[in-house]
Every structure is written in structure tokens, then in C-alpha cells.
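To keep things clear, I will list the structure first and then write my remarks on it.
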Amino acid sequence: MNTKIIAGYAASFDPITLGHINVIKRMAPLYDEFVVFIAINERKKHMFSEEERMRMVLKCTEDIQNIRVVISKDRYLVNHARELGVDVIIRGLRNTNDLAEEMTLFEANRAICPEVQTILI
């Protein structure tokens, strides 16, 4: 029986913000492993390339021991999370508009993969 708890946190990180860093630094210590998913949406125009975003996230989180940074593209995040053994997806909220969008996403993720929990912060 595996008692290791893995959490994941996804965003475009285009660029990484102080808000992203705050969520990562507050949540990562609560889990055995913390996967940061750099979400790639091919329909959006990004300021930074995938590689640049990866380097920024790695640089900003280099002092956190249990971090793994991956690029997530061409699939639902919850499916990628399940493939990596993620138990919990952390979602950051900035305002009530985010809450409405996140609740829709939460319901879709729960339908696709009910074993992966979502925590809104």
C-alpha cells in the first residue's frame, strides 16, 4: 500500500507570477511530492515558449525539494495527473469569476477521474 501523497498544480505560467509562487510554496510542503504542470494550450498565443516557462518555474522553485515540473499538452490535465499518480489537484482562485470557472472544471474532472481530488485555494 502506497501512503505517499502526490499533489499537482497547473497553470500556463506565462509568466510565472508571485501568486503562482505563493501557492507552490504554501502547498508543496504539505505533500510528499508536488508536480507543477505547465499547461500548454495550442489555441492561445503565449509570450514565452514551453522551454522558457519550464526554466522560469524551475528557477523560482529551486529551493523546494519535492517539486517535479512537467509540461502538460494535448490532454486533459486530470488524465495526465492520473498517469503520474497525482492524488490531489490544487487550483488557485483569484476572484469569484475564477470560482465559477473552476467549479465547472471540477465537475468535469470528477466525471473523468473521480479518484483525483481537487482543492481550491
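The values are calculated or read from the model by the stated rules, or taken from the named source; none is laboratory data. Because the structure is predicted, anything quoted here is derived from the model rather than measured. FYI the Cβ positions are ideal-geometry reconstructions off the backbone, even for glycines, and counts take in every protein chain you see. Side chains are part of the model used for accessible areas, which takes the heavy atoms of the whole protein and leaves out ligands, DNA and RNA. Shrake-Rupley method; radii C 1.70, N 1.55, O 1.52, S 1.80 Å.
Values as computed for the structure displayed
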quantity: Where T17, T118 fall by accessible area, highest first, once all protein chains stay in place (1.4 Å); calculated: T17, T118
quantity: Whole-number percent relative contact order across the chain, with pairs defined as alpha carbons under 8 Å at least 6 apart; calculated: 30 percent
quantity: GluC sites (Glu not before Pro) restricted to the range 28-121 and DSSP loop, no more than 10 other C-beta within 10 Å; calculated: E42, E62, E115
quantity: Amide proton proximity set for I38, modelled H, under 5 Å, gap of 5+; calculated: V70, I71, S72
quantity: Inter-label distance, nm, simple model (7 Å from Cα along the C-beta direction), K25/A100; calculated: 3.3 nm
quantity: Within the range 1-84, chymotrypsin sites (Phe, Trp or Tyr not before Pro) in DSSP loop having at most 16 other beta-carbon neighbours inside 10 Å; calculated: F48, Y76
quantity: Estimated distance in nm for a label pair at I5 and R43, the labels positioned 7 Å out from Cα along Cα-to-Cβ; calculated: 3.4 nm
quantity: Share of carbon and sulfur in the accessible heavy-atom surface of the chain [1.4 Å probe, %]; calculated: 53 percent
quantity: C-alpha center-to-center spacing [the range 87-121, the range 44-70] in angstrom; calculated: 22 Å
quantity: Residue-normalised accessible area of the chain, given per residue in Å² at a 1.4 Å probe; calculated: 61 Å²
